[in-house]
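Below is one structure, written out as structure tokens; the observations come after it.
The values are calculated or read from the model by the stated rules, or taken from the named source; none is laboratory data. Everything numeric in this text was worked out from a predicted model, so none of it was measured. Heads up, the Cβs are rebuilt from the backbone with ideal geometry, glycines too, and the neighbour counts pull from every protein chain shown. Ligands, DNA and RNA are stripped out before the accessible areas are found, and what is left, the full protein with its side chains, is counted by its heavy atoms. Shrake-Rupley method; radii C 1.70, N 1.55, O 1.52, S 1.80 Å.
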Amino acid sequence: MRIVSVKQGVVPISSAIANAYIDFSKMTASVVAITVEAEGGRRATGFGFNSNGRYAQPGLLAERFVPRLQEVGELPALPDGGFDPAPAWAAMMKNEKPGGHGERSVAVGVLDMALWDATAKLAGKPLWRLLADRFNGGAADDTAWIYAAGGYYYPGKDEAALVEEMKRYLGLGYSVVKMKIGGAPGTSIEAALKEDLGRIEAVLKLLGGDGSRLCVDVNGRFDLKAAILYGEAIEPYGLRWYEEPMDPLDYSNHAALAEHYRGPLATGENLFSMIDARNLIRHGGLRADRDILQFDPALSYGLVEYLRTLDMLRLHGWSPRRCVPHGGHQFALNIAVGLGLGGNESYPEVFAPFGGFADETPVTDSRIRMPDAPGIGFERKNDLYAVLKPLL
Ligand SMILES: [Mg+2]
């Protein structure tokens, strides 16, 4: 099999929302299309994009990663009718030094996603089925657990508007929701905490007081002192998880927080390699019986690298069920179902058209069934396919 063409573009993924650290008004995404030809002239085109939170990477793609991918000769065919993307991944990473991953992991992740979409299409299978067959003894989950991520800060948005937003998610079939905290502008940490406790209690009231149905996300803004202060205040609520409380690369601070906060912690969406993930597991003090790992394959060198991360986790006594990837995209959803992860993020109202899943897959009690279309399923999501199709 051989790569026939690689095309790339840049599209906006902007919105007026903000978390505690950045606003998303200037956010962009790279989109790519890779066409692969098999024996006998059979062709498939795979699509890829980067999920929200990192910007488009047209320079890295054009200067290094697309040319290297185009130089790949033969892609090894596999008995299922597809090919193995790992050698193409190795070719893309030729002449890249270790460490300092920066945003090249985003550029490689975009191309890796498209390669997996193409190999599943050539095999005539949905990606989740291909992954289950290749890596999981054929076992796939019937449905994936997903939760509605939102609760962003927005100019003029008050508690009532926050509760209305969460109500809409419940109406869409989600039973677990996530909201941002720690982002009140220009206030002391004590004043921000007071305001956030009011916001949390308003949402909890909607959820019947059940803390296991609510996650809170700080987006890495706190120092250790603030993280502990907030942790002590929210622990009695018994929340589903307390997400990215501090800088994601400060592992010893996480270890210190894990000694104070007994509830589940979640982090990892801004760690972009297996090695970074391993450092978190080695030094972050996280607990394999309760904490949640949110590495996003689209931002962190793709699935070839994510498979290494899952292997590393098993070696350290962590189940794949502790992984709930960031990003709310169909790529991670396929991986969750095919490789037995704990679930996937979902953005019902933001990051369109990249957030969200196939059009005809309703959410019931925070679970979703996968479509049976070959590949990742982009063709089953009309607004997203409308953005990808011009690449053809
Ligand atoms: Mg987050």
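Straight Cα distances below 29 angstrom link residue 167 to the lysines 26, 157, 178, 180, 194, 205, 381, with same-chain residues fewer than 8 positions distant left out.
Solvent-accessible area per residue for region 91-151 at a 1.4 Å probe radius, Å²?
Working: 1930 Å² over 61 residues.
The answer is 32 Å² per residue.
Probe radius 1.4 Å, ligands and nucleic acids ignored: give me the carbon and sulfur share of the accessible area of the chain as a rounded percent. Looking at the chain in its full context, I get 52 percent from C and S.
For the peptides 7-13, 52-58, residues were scored by their other Cβ atoms within 10 Å and the scores averaged per peptide; the highest-first order is 52-58, 7-13.
Comparing Cα centroids, region 315-335 and region 115-176 end up 11 angstrom apart. Return, ordered by residue number, the residues of region 110-144 whose backbone nitrogen is under 20 Å from a label point located 7 Å along Cα→Cβ of residue 7. So the set is 110-122.
Between residue 205 and residue 289, 0.36 nm times their residue separation minus their Cα-Cα distance comes to what?
Numbers: separation 84, 0.36 × 84 = 30.24 nm, distance 2.80 nm.
Separation in residues times 0.36 nm, less the Cα-Cα distance, equals 27.4 nm.
Site pair residue 43 and residue 233 shows an inter-label distance of 5.9 nm when each label is modelled 7 Å from Cα along Cα→Cβ. Taking label positions 7 Å along the Cα-Cβ direction at both residue 77 and residue 139, the computed distance is 3.3 nm, reported to one decimal.
For region 7-38 versus region 177-211, the inter-centroid distance based on Cα atoms is 29 Å.
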